[in-house]
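The values are calculated or read from the model by the stated rules, or taken from the named source; none is laboratory data. Just so it is clear, the model here is predicted, and its values are computed rather than measured. As a convention, Cβ positions derive from the backbone with ideal geometry for all residues, glycine included, and neighbour counts pool all protein chains shown. The protein model used for the area step is the full one, side chains on, heavy atoms only, and it has no ligands, DNA or RNA in it. Shrake-Rupley method; radii C 1.70, N 1.55, O 1.52, S 1.80 Å.
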Amino acid sequence: MANIVVLGAQWGDEGKAKITDLLAGSADFIIRYQGGCNAGHTVVANNTTYKFHLIPSGILYGNKICFIGTGTVIHPESFKAEIDELKSRGVNLSGLKISPLASVTMPYHIEIDGYSESHAGKGKIGTTKKGIGPTYTDKAARTGLKIQDLFDEETLSEKLDIILPLKNKTLSKVYGLDEYSKECITELCRKYAEIFKPYVCFEWQKLLEEHKDDKILFEGAQGVMLDIDWGTYPFVTSSNPIGGGAAVGSGFGPKTIDEVIGVAKAYVTRVGEGPFVTELKDSTGKEIQETGREFGVTTGRPRRCGWFDAVTMRYAVQVGGITQIALTKLDVFNKFPEIKICTAYKNTKTGEITKYYPTDVFTHKYYEPVYETMPGWMSNITDVKEFDELPENTKKYIERLEAILETPISIVSVGPDREQTIFKNP
Ligand code: GDP
Ligand code: IMO
Ligand code: MG
């Protein structure tokens, strides 16, 4: 196995964790490079369903290093809850390590996220309310706390003297929220240090050096279309899920990466606000939602559903640096007589047809999808193990997508279980 990035190629929830877990079997070092507990990652293995938010899915193998990288944001209590849950299920956490340079989500970040969402009116993003945006805001504003800051009270005190006065003014005067005393924050930080102590890896430089020739798997969260720079801004998250984000958030350079596997569903889903051109608000959308059990892992919200959008996917391949695709949830179409692929957008104002993604989402209301219709396979493919054993129409659908996307589909997923996966030769 080469060094691989696994990332979401759509709006999240593509089944990344299933693919990461699968590939982690032949990796030595798994590193999560961005995002926080806004992610909800499901792995089904050994007849058990595991749900992860921050901890790399590779943890289930017990003998791998699972590193939560510098590009992530960590809410201490959520991290503790996730750890406690995994421990109670007998998962071996001895390989779990955290970068001391990862950012800490403080309680006020969550309060600001909640406030912003409830007061944003039409500007509502539909966030997970996990404090992700405000934590990254503080990081970029250079007023955030990193994990390493929790371990030295003297320097923490200096930092709080810089951070807190302005933060408190913002909390009370802008948001009408309660201020935090320095004593309260110091006490919280003591508690957080205790939570992180067994896992924080101050010797990370040595660790990365020792493992530089190992097989590394970079685990992304969210998806390219939620990327802060390249996604459907402003309806995005606040980090960089794209392939390039793996180098930024991990500490391994870009030349370490050999392949970027973009995970995409055979259709499209999205949670939260923001347009998507192939959204189906009719009974077909409902059918996809019900058959695919499209409800969020982190918030339980129903996911909006639509046909496969090759326009955004071609864009995701380009800006995400995707070299191969893992196509998931094909089994959801088992009973669909027809399947549509959006191959272009039509601008209803000008009549122009384009295969290039229009980057201003406020113009998306002018676009309608141009579809190509393919016959379904009308049979159950959940037990198929080899590509050649798939029904002809399933193979045709996959091959047509490869042709439109000009990218090989190397993994096909036909069910949630680790075993329900087909590796396809390019
Ligand atoms: P992630 O955030 O990208 O890791 O994906 P989620 O875990 O949020 O959502 C994907 C859902 O689809 C989970 O419930 C998975 O167990 C499930 N899943 C993954 N691959 C397949 C598949 O090929 N078929 C079906 N039916 N379900 C799948
Ligand atoms: P995984 O890793 C799907 C969405 C939210 C919202 C926007 C911003 O499971 O694929 P945030 O809380 O990050 O500020 O919310 O991003 N979002 C996700 N959607 N899957 C996710 O993660 C998501 N993480 C954030 O719904 O629209
Ligand atoms: Mg998810």
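Numbers for the structure displayed
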quantity: Residues that are hydrophobic (A, V, I, L, M, F, W, C) and part of a helix (DSSP H, G or I), drawn from region 232-277; calculated: A246, A247, V248
quantity: Residue check for K173: modelled with pLDDT under 95, part of a helix (DSSP H, G or I) and loosely packed, with under 15 Cβ neighbours inside 10 Å; calculated: no
quantity: Only one of Q148, Q205 that is open to solvent by 60 Å² or more (accessible area, probe 1.4 Å), touching a Pro at 6+ places or on another chain (Cβ under 9 Å) and in a helix (DSSP H, G or I); calculated: Q148
quantity: Every residue from region 283-326 that is away from ligand 2 (no atom under 16 Å from the Cβ), open to solvent by 20 Å² or more (accessible area, probe 1.4 Å) and more than 25 Å from T382 (Cβ to Cβ); calculated: R314, Y315, V317, Q318, V319, G321, T323
quantity: Test: residue in region 60-71 that is within 16 Å of ligand 3 (Cβ to nearest atom) and within 17 Å of the chain's Cα centre (by Cα); calculated: no
quantity: Residues of region 302-323 that turn out to be in a loop (DSSP other than H, G, I, E, B) and under 16 Å from the mean Cα position of the chain (by Cα), as a count; calculated: 3
quantity: Selection from region 212-260 of residues that are within 16 Å of ligand 3 (Cβ to nearest atom) and aliphatic (A, V, I, L, M); calculated: A221, V224, M225, L226, V236
quantity: Sole exception among (1) in a helix (DSSP H, G or I); (2) open to solvent by 70 Å² or more (accessible area, probe 1.4 Å) for E179, by number; calculated: (1)
quantity: Only listed residue being under 20 Å from G296 (Cβ atoms) and in contact (Cβ under 8 Å) with a residue 40 or more places away in the chain, chosen from T70, T137, T105; calculated: T105
quantity: Residue that is nearest to ligand 3 (Cβ to nearest atom) [pool: residues in region 2-47 that are open to solvent by 10 Å² or more (accessible area, probe 1.4 Å) and of a type in the set (V, I, T)]; calculated: T42
quantity: Count of residues meeting criterion [buried (at least 21 other Cβ atoms within 10 Å of the Cβ) and more than 9 Å from ligand 2 (Cβ to nearest atom)] in region 217-231; calculated: 7
quantity: Region 287-301: number of residues that are assigned to a loop (DSSP other than H, G, I, E, B), in contact with a helix residue (DSSP H, G or I) (Cβ under 8 Å, 6 or more places away or on another chain) and either of a type outside the set (G, A, S) or away from ligand 1 (no atom under 12 Å from the Cβ) (or both); calculated: 1
quantity: Strands (runs of 3 or more DSSP E) (entirely within region 1-114) containing at least 2 residues that are hydrophobic (A, V, I, L, M, F, W, C); calculated: 4-8, 29-32, 41-45, 65-68, 96-98
quantity: Selection within region 250-276 - within 14 Å of ligand 2 (Cβ to nearest atom) and either open to solvent by 40 Å² or more (accessible area, probe 1.4 Å) or not aliphatic (A, V, I, L, M) (or both); calculated: G262, K265, T269, R270, G272, E273, G274, P275, F276
quantity: All positions within region 299-331 that are within 23 Å of L23 (Cβ to Cβ) and either within 16 Å of ligand 3 (Cβ to nearest atom) or of a type in the set (D, E) (or both); calculated: A326, T328, K329, D331
quantity: Any hit, region 342-357, residues being in contact (Cβ under 8 Å) with a residue 60 or more places away in the chain and open to solvent by 60 Å² or more (accessible area, probe 1.4 Å); calculated: no
quantity: Answer from I398, I353, I381 - the residue that is of a type in the set (A, V, I, L, M, F, W, C), under 26 Å from the mean Cα position of the chain (by Cα) and either under 24 Å from E287 (Cβ atoms) or more than 16 Å from ligand 3 (Cβ to nearest atom) (or both); calculated: I398
quantity: Qualifying residue in region 267-282 (condition: farther than 22 Å from Y366 by Cα and either among the aliphatic types (A, V, I, L, M) or away from ligand 1 (no atom under 16 Å from the Cβ) (or both)); calculated: no
quantity: Close pairs (6 angstrom Cβ cut-off, 6 or more residues apart or separate chains): touching a residue at least 60 places away in the same chain (Cβ under 8 Å) and within 22 Å of T20 (Cα to Cα) in region 217-241, open to solvent by 10 Å² or more (accessible area, probe 1.4 Å) and more than 10 Å from ligand 2 (Cβ to nearest atom) anywhere; calculated: L217/I4; L217/L23; V224/I242; D227/N240; D227/I242
quantity: Breaking point among (1) surrounded by fewer than 18 Cβ atoms within 10 Å (Cβ to Cβ); (2) touching a residue at least 24 places away in the same chain (Cβ under 8 Å); (3) not in a loop (DSSP other than H, G, I, E, B), for D214; calculated: (3)
